[in-house]
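First the structure, in the form of structure tokens, and then the observations on it.
Values in this text are rule-based calculations from the coordinates and carry no lab data. Here the structure is a predicted model, which means the values were calculated and not measured. Ideal geometry is used to build each Cβ from the backbone, glycine not excepted, and the neighbour counts take in all protein chains shown.
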Amino acid sequence: MAKILIVDDSALARNILRMHVGNGKHEVVGLAGDGEQALKLFKSLRPELVLLDYLMADKSGIEVLEEMLEHDPGARVIMVSGSGDHTIEEKALQTGVKLFLEKPCTQKNILKAIEQVMET
């Protein structure tokens, strides 16, 4: 069971991800609606994995990822984006994201991605 922090500026997206992940196999330890809140929760909760949105109002997912990796170089982060821009995916992977998922995500895809990242 992985302890997971979900970061998305859309309350609907956070709830969908929480339902997909919180199926008893994994524990959602926190929900963040912006980059600053995400960083505070990341430092205090020390999740094993972060599901991180790319497009947010205050900071981009890349900026949040960079700060998370400064705090914990071994952080496991899966970035989730609905932008459809493959340059974002490339930049995220180069920055240190473990996996990149396109929205909308099915429960099966999310759980498979979590298992894959947790095995590394």
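Numbers at a glance
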{"read-out": "Estimated FRET transfer efficiency when R0 is 30 angstrom, pair ALA11-THR120 (beta carbons, to 0.05)", "value": "0.50"}
{"read-out": "Contact order relative to length of the chain, as percent, for alpha carbon pairs under 8 angstrom and 6 or more apart", "value": "24"}
{"read-out": "Total lysine pairs under 24 Å (Cα atoms) in the chain, excluding pairs fewer than 8 apart on one chain", "value": "27"}
{"read-out": "Residue-averaged [θ]222 nm for the chain, counting only DSSP H segments that reach four residues, each worth -39500 (n - 2.57)", "value": "-14000 deg cm²/dmol"}
{"read-out": "Whole-number D in µm² s⁻¹ for the chain, Kirkwood Cα-pair radius fed into Stokes-Einstein, 10 °C, 1.306 mPa s", "value": "115"}
{"read-out": "Net charge contributed by nearby residues that have their C-beta within less than 15 Å of GLY74 (K/R +1, D/E -1)", "value": "-1"}
{"read-out": "Translational diffusion coefficient (Stokes-Einstein; Kirkwood radius from C-alpha pairs) of the range 65-106 at 37 °C, 0.692 mPa s, in µm²/s", "value": "307"}
{"read-out": "Theoretical FRET efficiency, 1/(1+(r/R0)^6), r = Cβ-Cβ of GLU90 and GLU27, R0 35 Å, to 0.05", "value": "0.65"}
